[in-house]
Amino acid sequence: MMAQWYQLQMLDGKYLEQVDQLYDDSFPMDIRQYLSQWIESVDWEAVTDNESLATVRFHELLSQLDDQHSRFALENNFLLQHNIRKIKRNLQDRFQEEPVIMAGIISRNLKEEQKILESAKSVEQQGEGTGSAMVLEKQKLDNIVKEIKEKVQLVDQNIKTLEDQQDECDFRMNTLRNPENEKNGMTPKELEQEKLHLNRMCLELKAKRQDVVVKLVELLNLSHSLVLSLVSEELPEWKMASPPEARLIRVFASANSPGRGRLACRY
């Protein structure tokens with residue numbers, strides 16, 4: 001398991017400021033830094049309830065400082081040697097007679113450090129959850145845009161088919177109205193059959209036009225709902241022209257191109 005002190009040093013600055021507020025001259029952060037492993041190996045909560053044990057731990061801490069002083073001496077680091085001696089004198093002045101108080105300070109600080117770590121972890125998990133939710137929302141948006149694009153293509157194909165059938169119907173209707181048909185060998189019976197056939201074609205075309213209009217209304221409603229969602233919830237990403245929104249813009253552009261207006265103009 002990663003040492004608590006090491007985990008704290010990996011946190012953002014705002015959390016490190018909270019850690020800094022835990023330590024002062026009565027128990028400086030230098031001790032926490034130099035003796036981090038030893039400090040975390042002791043059950044300080046139990047020490048606070050036992051004055052004899054607190055006295056033992058106090059002298060162990062002073063011994064640990066002596067060892068640290070020796071290491072600095074080997075490194076010829078005069079400044080840190082001076083700091084360690086000063087820290088040791090201050091601890092002796094403050095806690096020599098009341099080591100339980102020192103144990104209480106250490107126990108409290110360790111608990112507060114743990115709270116800071118838990119707070120940072122909670123924020124990180126919330127951020128991950130938010131990120132996952134955003135990914136899911138993007139996937140949902142992408143699927144809706146894909147559905148709109150497919151519907152646009154289908155409606156466009158239906159309109160083109162309808163136009164071709166309407167052209168055929170118009171041609172046959174104009175041909176039927178031409179007086180030359182009788183001269184071209186069409187009998188009255190054949191003319192009557194042609195009229196019946198054209199009537200059926202007109203009814204079928206009307207039904208198909210209505211079906212296309214229904215599909216266009218569904219498409220516009222779907223597009224409208226999507227635009228409202230984008231404006232109210234995804235506007236920052238939309239401004240950055242992220243892929244789903246960019247595709248949406250292209251879909252709307254194609255849906256509103258001149259060819260898409262043929263049905264409205266003609267029928």
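Throughout, read-outs are computed from the coordinates displayed, never taken from laboratory work. Treat the numbers as computed from the prediction; the structure is a model and nothing was measured. Neighbour counts run over all protein chains shown; Cβ positions are idealised from the backbone, glycine included.
Find all pairs meeting these conditions: Cβ atoms under 9 angstrom apart; at least six residues apart or on different chains; first residue within segment 197-216 and among the basic types (Lys, Arg); second residue buried (at least 16 other Cβ atoms within 10 Å of the Cβ) and part of a helix (DSSP H, G or I).
Cβ pairs passing all conditions: Lys208/Asn158; Lys208/Leu162; Arg209/Leu162; Arg209/Gln166; Arg209/Leu263; Lys215/Lys151; Lys215/Val155; Lys215/Asn158.
Sort through Ile105, Ile116, Ile101 and tell me the only one that's part of a helix (DSSP H, G or I), surrounded by 13 or more Cβ atoms within 10 Å (Cβ to Cβ), in contact with a helix residue (DSSP H, G or I) (Cβ under 8 Å, 6 or more places away or on another chain) and touching a residue at least 60 places away in the same chain (Cβ under 8 Å).
Ile116
May I ask you to verify whether Leu8 is part of a loop (DSSP other than H, G, I, E, B), closer than 22 Å to Glu118 by Cβ and touching a residue at least 12 places away in the same chain (Cβ under 8 Å)?
Against the criterion (part of a loop (DSSP other than H, G, I, E, B), closer than 22 Å to Glu118 by Cβ and touching a residue at least 12 places away in the same chain (Cβ under 8 Å)), Leu8 does not qualify.
Scan segment 191-204 and tell me whether some residue there is over 55 Å from the mean Cα position of the chain (by Cα), surrounded by 14 or more Cβ atoms within 10 Å (Cβ to Cβ) and in a helix (DSSP H, G or I).
Yes: segment 191-204 contains one or more residues that are over 55 Å from the mean Cα position of the chain (by Cα), surrounded by 14 or more Cβ atoms within 10 Å (Cβ to Cβ) and in a helix (DSSP H, G or I).
Can you go through Leu62, Leu74 and tell me which one is surrounded by 13 or more Cβ atoms within 10 Å (Cβ to Cβ) and over 48 Å from the mean Cα position of the chain (by Cα)?
Leu62
Quick one: which residue in Val19, Val56, Val42 is in a loop (DSSP other than H, G, I, E, B) and within 27 Å of Gln114 (Cβ to Cβ)?
Val42
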